[in-house]
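Structure first, commentary second.
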């Protein structure tokens, strides 16, 4: 795939701190607690410079009689410096951003704020392949993951659920693996929904290689993303580290088939730890591939879900705007250009896109109004009203009521 | 089956109040709120006499300007009196207690105290067919019910679960219907466990007729019981009324396959209303017969269970005594002759059977002891010790600890 001009332009704008973050993805493993802690108090460029100079970032020269915490930093510094010989220079890093590959860093408009809930475990940066807008995709997204050794039943259900969610305007996040992950991505692709594959290796050579065509399709319709830089291979532990990003990117996680020791349960644990809705699809109790799902329903309090409607009910306590299939593909385009905010930091009324602002203005000061009343009052077509209502509800401006929708009191 | 001499003796001892209660099972439908309320304040004989004399029991002669509540009683009296022509006399009622059929009334030693938790909805009396001891059977029992239109999967799982529970000394309560109920009864029978079929018709002509052999087997190894008198046929509403008894008799209820409108969900609701553990076995989300199970897991908080061990864990928070298969059949025999008590009213130490009393005496005053230590100290064989430990834990005398078992502080 040739790089679109707009993306070629973007790579040229990589600033000093972004270049430093990109370099850090080459030097440190994602989720390294020492680097995560440092990046909370130091600029990425400062950390990178210290590593290159064999200094303890934020502390200074190495010394023998160090404390326990600086000893850990000392060891970490050894690990990071061991990779210095393979570190590409700034020109090479910039050159890596080609063929649709780009870098997104915290505080960039393209950074999904949800990842910040990982705290010090937040990715240093993300490598993206594909054209979709990541924050927009995450706004209404579900992680659907499960066993690689899926049964026909599991693959069927994962595909159906992903397709149904896609038809209703939800993006599907998964891990690109064989089995359930692939079925979920394919279900989303069938309905032209956005789907995001989170890898544990470079986005230029996604694993498994047998999914090369699938990854190409995902990049064309959505995104292939990774914390690891181009050229990096996957490894067993990297999948576990990667799983926290799958859980953190979406509104909630659904496990479709997982054996007792499935890596999908690791993703489930991350979702639970983040306080995100955790759901599992049951299956025959005679199937080992459903044993993990049944256990997390019984022991972790995962919600038993059987279809897309169950999942949406869990994720949309205010009621789902129920975007029709035809509008599903347009959903991300309706978003304001501003970075979509989590409920904690909604945009002001002035920051809304024009349609949403008109719809919001059409609301009565007291009491509720039906969708068609609002459409007439706002002078906006019904499909657009539907999309705007979902957006406004997501931002907390409005809520469901007996008569339809009403303004939400602050 | 010829009546055993001991049961022929029992029928001769039917007292006046028992005869009156038997008569009331002919006159009123079970669960009649008017009769349930009356029996809380009047003797059964007094109620029966009033019905025969066309008087309002507990009030007196009918009068035109009655209150709303006595109007309801007035209507009920009409219903009861309409059945007077078909009421057998005392000699016929006594004669109905033959061929292994007997009557058990509240306050009888054979009455299962758990039914009293139904309050005014408590059965007036129970008709029993079979030799097992009902209170003993209920002490460690699970209701396993589900769809009549069971799939092969559901019938297989119900049978396996019932057999496994039976092997561990648990009795199986169900409704004798086609499908899941039959599979559960059969699973229990295979392991020589006690099983109880609760019918919505007379125990002399159990419904469905196609299960005549099954009911004969159940009566031989356990009990066929009913609130309806011999000769009464089943009807749709009677099944719903019957379901509260299935739920009330056992420690907890397991639903194995139930469509969205299955009567098994009615039993589930009764279990939940009684505060008894409610469990459901999941199945493929593509199967309509599992839709009800998934819904009550998601919406009612039913516990997702996949095997007998899951169920026992729900019902034995102190840990299961884990009675070996060989001892399973002996379990009821080890019970004291006194009526087994619910946890709310445990027997005193003096009321324990001799073996249990010796085992309890063998416990150290402080700290725990292993099962073999207790066996040596008590001079009782290991199998008997196992049974006694389960009983003593059930009554709250002892509890599990790291070292095995210990006395429980009051």
(request) Between the alpha-carbon centers of the range A:230-307 and the range B:165-224, tell me the distance in whole angstrom. (result) 40 Å
(request) Quick one: work out Rg over Rh on the C-alpha atoms of the range B:221-272, Rh as Kirkwood radius. (result) 0.99
(message) Restricting to bridges with both residues inside the protein assembly as shown, how much of the DSSP beta-bridge set is antiparallel, in percent to the nearest 5?
(response) 40 percent
(request) Please give the calculated 222 nm ellipticity per residue for the protein assembly as shown, where each DSSP H segment of at least 4 residues contributes -39500 (n - 2.57) and the sum is spread over every residue; nearest 500 deg cm²/dmol? (result) -12500 deg cm²/dmol
(request) Grab the Cα-Cα distance for residue B:113 and residue B:237, subtract it from 0.36 nm times how many residues apart they are, and report the gain in nm with one decimal. (result) 42.1 nm
(message) I'd like the distance between the alpha-carbon centres of the range A:376-405 and the range A:67-121, rounded to an integer number of Å.
(response) 41 Å
(request) Select the chain B residue whose beta carbon lies nearest to the rotation axis carrying chain B onto chain A, and write the distance in whole Å. (result) B:282, 2
(request) Taking each label point as 7 Å beyond Cα in the direction of the beta carbon, state the distances from residue A:354 to the same residue in the other copies, shortest first, in nm. (result) 9.8
(request) Please report the base-10 log of the normalised intensity I(q)/I(0) for chain A, using a Debye sum with one equal scatterer per alpha carbon and no solvent, at each q in 0.06, 0.10, 0.11, 0.12 (1/Å). (result) -0.26, -0.70, -0.84, -0.97
(message) Modelling each spin label as a point 7 Å along the Cα-to-Cβ direction, I'd like the residue B:131/residue A:260 distance in nm, to one decimal.
(response) 4.1 nm
(message) Can you compute the modelled spin-label distance between residue A:98 and residue B:190, with each label point 7 Å from Cα toward Cβ, in nm?
(response) 6.7 nm
(message) Assume the label is 7 Å from Cα along Cα to beta carbon: what separations in nm does residue A:205 have to the matching positions in the other copies?
(response) 8.1
(message) If I model a spin label as a point 7 Å beyond the Cα along the Cα-Cβ vector, how far apart are those points for residue A:16 and residue A:89 in nm?
(response) 1.8 nm
(request) Could you list A:267, B:195, A:151, B:67 in order of exposure, starting from the residue whose Cβ has the fewest other Cβ atoms within 10 Å? (result) B:67, A:151, A:267, B:195
(message) Of all beta bridges DSSP finds with both residues in chain A, what is the antiparallel percent, to the nearest 5?
(response) 40 percent
(request) Send over the semi-axes of the protein assembly as shown's equivalent ellipsoid, whole angstrom and largest first, taken as the square roots of 5 times the C-alpha gyration tensor eigenvalues. (result) 65, 35, 23
(request) Sort the range A:130-206 into rounded, prolate or oblate with this rule: let a ≥ b ≥ c be the square roots of the eigenvalues of the Cα gyration tensor; rounded if a/c is under 1.5, and if a/c is not under 1.5, prolate when a/b is larger than b/c, oblate otherwise. (result) oblate
(request) For each of A:59, B:398, count neighbouring Cβ atoms within 10 Å of the residue's Cβ, then give the residues from fewest to most. (result) A:59, B:398
(request) Taking the Cα atoms of the range B:15-104, report the difference between the largest and smallest coordinate on each principal axis, in whole Å and largest first. (result) 48, 25, 20
(request) Run through the other copies and list how far each one's label point is from that of residue A:53, in nm with one decimal, shortest first; the point sits 7 Å from Cα along Cα-Cβ. (result) 10.9
(message) For B:71, B:52, which order do you get if you count the other beta carbons within 10 Å of each Cβ and list the fewest first?
(response) B:71, B:52
(request) Using a/c under 1.5 as the rounded threshold, could you call the range A:343-407 rounded, prolate or oblate? The axes a ≥ b ≥ c are square roots of the C-alpha gyration tensor eigenvalues, and prolate needs a/b larger than b/c, oblate otherwise. (result) oblate
(message) At 37 °C and a viscosity of 0.692 mPa s, what translational diffusion coefficient does Stokes-Einstein give for the range B:125-315, taking Rh as the Kirkwood radius over Cα pairs? Give it in µm²/s as a whole number.
(response) 209 µm²/s
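Readers should treat all values here as calculations from the given coordinates under stated rules, not as data from a laboratory. Quantities reported herein were computed from a predicted structural model and do not represent experimental measurements. Here Cβ is always computed from backbone atoms with ideal geometry, including for glycine, and neighbour counts include all displayed protein chains.
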